[in-house]
1. Can you tell me how many residues in the range B:183-215 are more than 10 Å from chain A (Cβ to nearest Cβ), among the aliphatic types (A, V, I, L, M) and crowded, with 24+ Cβ neighbours inside 10 Å?
2. Which one of these is surrounded by 15 or more Cβ atoms within 10 Å (Cβ to Cβ), modelled with pLDDT of 95 or more, closer than 15 Å to B:L307 by Cβ and in contact with a helix residue (DSSP H, G or I) (Cβ under 9 Å, 6 or more places away or on another chain): B:T377, B:T327?
3. Just name the residue that is farthest from A:P280 (Cα to Cα) out of those in the range A:193-234 that are away from chain B (no Cβ under 14 Å) and out of contact with any helix residue (DSSP H, G or I) (no Cβ under 9 Å at 6 or more places or on another chain).
4. Which residues, counting only those in the range B:70-107, are surrounded by fewer than 24 Cβ atoms within 10 Å (Cβ to Cβ) and polar (S, T, N, Q)?
5. Among the residues of the range A:170-184, is there at least one that is surrounded by fewer than 23 Cβ atoms within 10 Å (Cβ to Cβ) and either aromatic (F, W, Y) or within 25 Å of A:E217 (Cα to Cα) (or both)?
6. Report yes if some residue within the range B:302-315 is outside any loop (DSSP other than H, G, I, E, B) and either without any contact (Cβ under 8 Å) to a residue 40 or more places away in the chain or on the phi > 0 side of the Ramachandran plot (or both); otherwise report no.
7. A:F210 passes all but one of (1) in contact with a Pro (Cβ under 6 Å, 6 or more places away or on another chain); (2) over 24 Å from A:S237 (Cα atoms); (3) surrounded by fewer than 18 Cβ atoms within 10 Å (Cβ to Cβ); which number fails?
8. Being within 14 Å of chain B (Cβ to nearest Cβ) and at positive phi narrows it down to one residue among A:G116, A:G122, A:G96; which is it?
Amino acid sequence: MKRINWVLAWFGLGILMLSLASASSAQGKKRIIFDQDASGPGGTDMMSLLVLLQSPDVEVLGVTVVTGDGWRDEEVAHTLRLLELVGRTDVPVLKGAVYPLVRTKKYTELWEQLYGKATYKGAWRANGHGPYEIPEMKEGKPSTAPSSEDAAHFLVRMVNEHPNEITIYAGGPMTNLAQAISIDEKFAEKTRGLIFMGGSINPHTEVAEFATNPRHEFNLWFDPEASHIMLTAKWPSIVCTSVDVSLQTKFSQEMFDEIAKVQTPVAQYIAKYAHPGRGPLWDELSAAAWLEPSMITGIQKSYMDISIDHGSSYGDVLIWSEKVKPELEVRMVDIQMTVDMKKFGDFFVKLMTAPTPGAKDPLMLK
Amino acid sequence: MSAESTKGLPNRRDFLTTSAAVVATGLAAGYPTLAAATRPTSPEPFPGAADATPHRVIIDTDPGVDDALAILLAFRSPELKIEALTPVAGNVPLEFTLPNALRLVEIAGRSDVPVAAGASAPLIRKLVTAAYAHGENGFGGVEFAAPKTKPVTESAPELIRRIVRASPGEISLLVLGPFTNIALALRLDPGLAKQIRRIVFMGGSLSGGNITPSAEFNIYVDPEAAHIAFHSGIPMTMVGLDVTRKVQLSDAHIKAIEAAQNPSAQAAGRILRSTMNRIQKMTPGSTAGPTMHDSLAASVLIDPSILTMEDYFIDVETQGQLTAGETLGYKRFPIRRSPPLELATTPAFGEKQATGAVPPASEPFHPNAQVAIQVDTEKFFRLLVGRLTA
């Protein structure tokens, strides 16, 4: 009897602590750190950030920037400018990794001679520029500056300050997350979970990047060792927005027109810098499905890793079912495979045409 | 020419004869050679007796029996100013190397020196330790009181970065364990490499390994991290097994250290005696004592005349199933790699035929490291025992 009382007392204390924990986060909002290869303006890297900023239920603790689609410094500039234009300069921007952990551009060029060309190489594209160069910015240069802390230490500090509360969103290569895991081996365990856009399972597509090698996907390929570190860390849960599902999305002219007619800074940023019909809403889906999971109609649970073998498969996705998985500590990932595009499209348009919560002095309509 | 280039390099294994063959083919193919790279060189003029300014050093370490001796030696050497200790997982896990580093600053009476926790695992691979050589606790089984000093809140890469950035070009790193912390710092801040004066490290070998026939332990544990350091452009001084396996303490050395009354010598004496006993248990009849790998590396910063150096381009094998962590010393162009498995239709990189991925012939050869090839053992023991017992 006495023992049961103790159990009840602990249970009650647990409930109390849980409620205190949620009360301590800003108005009970869901906390997230947005890790991104933030090329811009417009485009999937920027619009996915807008998805989170536009949600009244979300607190974006920071944007940690990594080289991927573009070089880190130009991406930092695009992110800062976006935040200025939509009036959210209160969100800190953190400088992350400039280079992958192990892969280099030179090594990749040698690899291509032996195994064939990589279709898309992000910052390493043939007509690209130097790592610290910031080409002219259509949306104007930012007047604000990034934080002095580096991305990895910010990630570590945040999850230690708010253990088990923060979801990590990763929309680019995994270098920053791998560094955070190296600095604090318990980093992944202290988060609330990981959602990432990346990986390609079995897409039936003519898109050149995947048509000849369906298991090759840029975000995970760019820094294979970091992807391996990320995928083998002890996250409470991992959700993957795969190429398979992203390819089912599209930024249609109708969606664009509906957003463009609204006179808010966010809608007008999209009207001015985004382009309908160009490509899938890769990262936007990842962010939106975290807010509204019911738009995902099919999930495949598989064990997932990346080949860090330096042969022809270097950086390719590996997946296994329960039956065939290797005798290694591989982790189960919820891989999104199909989406209700109508639901996602409506959700996206509604968010992008809403006022920006907490916006202060947006520069967009000035 | 090829005979010349091997002169004065005793105790090398086949590497040298094959390297001579490569020279010949290199010359035949019209590759430039770098005469300067083949000459023995003395280290960068480290401040010695003539220069009163102490050399500012961060010690990255995995204590570790010989790490302990190196750190105590460094603290007792006025030529050095120890800026920080950054322990890392290596000889034993971080849960031992961190408190051991804190104990060492306390034993040396230098709790003012910051100690920052480093990486608990290699960059990509799983941790392999050397508890068989250092005891489960890293100090050969000798128990010291729990440290009172606390590590700083910064991580090791962050502390390294802050200290180096505050004094660009002035700070050297003495790396006595796997390169994990260094690689992390270099990847977190790509501009940092240019501001580091030099890396002096214990690790690698051009004459066979210890943990495997090809790899030395520190490089074996985290080959990817070592690769990042060797390709960073930071001038390196490699004190590898080529020389360190020659500095084994004798019973007389240990007795001399035990006889001294200062706390550093007392602690060193206990660790060494326990390790000596372990060695004799494992190899009955052995008279050679603990090998002073790390303190030999530290000594180059104190008295450069102890070691003879030669310039090399050092690269690390990161792909081998058997050989990961092997250090390879190239003395001149071309830096050849394994031949490709497939024949490329277009000859790669200016080669007449596909003979492996090598950089273009026009690329100049730059040595990235001075490698210790000879050691004056008597001079080293005089320094080590002399400083500890002074």
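1. Just the residues of the range B:183-215 that are more than 10 Å from chain A (Cβ to nearest Cβ), to begin with: B:185, B:192-215.
This time we only want the ones that are among the aliphatic types (A, V, I, L, M), so: B:185, B:192-193, B:196, B:199-200, B:202, B:206, B:211, B:215.
Okay, now just the ones that are also crowded, with 24+ Cβ neighbours inside 10 Å, so B:185, B:196, B:200, B:202, B:206, B:215.
Of the residues in that region, 6 qualify.
2. Numbers: B:T327 fails: closer than 15 Å to B:L307 by Cβ.
Only one candidate qualifies: B:T377.
3. Looking at the filtered set, the residue picked out is A:G193.
4. Scanning the range B:70-107 gives a single hit, B:S77.
5. Checking the range A:170-184: not a single residue is surrounded by fewer than 23 Cβ atoms within 10 Å (Cβ to Cβ) and either aromatic (F, W, Y) or within 25 Å of A:E217 (Cα to Cα) (or both).
6. Filtering the range B:302-315 down to residues outside any loop (DSSP other than H, G, I, E, B) leaves B:302, B:304-315.
Filter once more, so that each one left must be either without any contact (Cβ under 8 Å) to a residue 40 or more places away in the chain or on the phi > 0 side of the Ramachandran plot (or both): none.
There is no residue in the range B:302-315 that is outside any loop (DSSP other than H, G, I, E, B) and either without any contact (Cβ under 8 Å) to a residue 40 or more places away in the chain or on the phi > 0 side of the Ramachandran plot (or both).
7. (3)
8. Numbers: A:G122 fails: within 14 Å of chain B (Cβ to nearest Cβ); A:G96 fails: at positive phi.
Only one candidate passes the filter, namely A:G116.
The values are calculated or read from the model by the stated rules, or taken from the named source; none is laboratory data. These numbers come from a predicted model, not from an experiment. All Cβ positions, glycine included, derive from the backbone under ideal geometry; neighbour counts span all protein chains shown.
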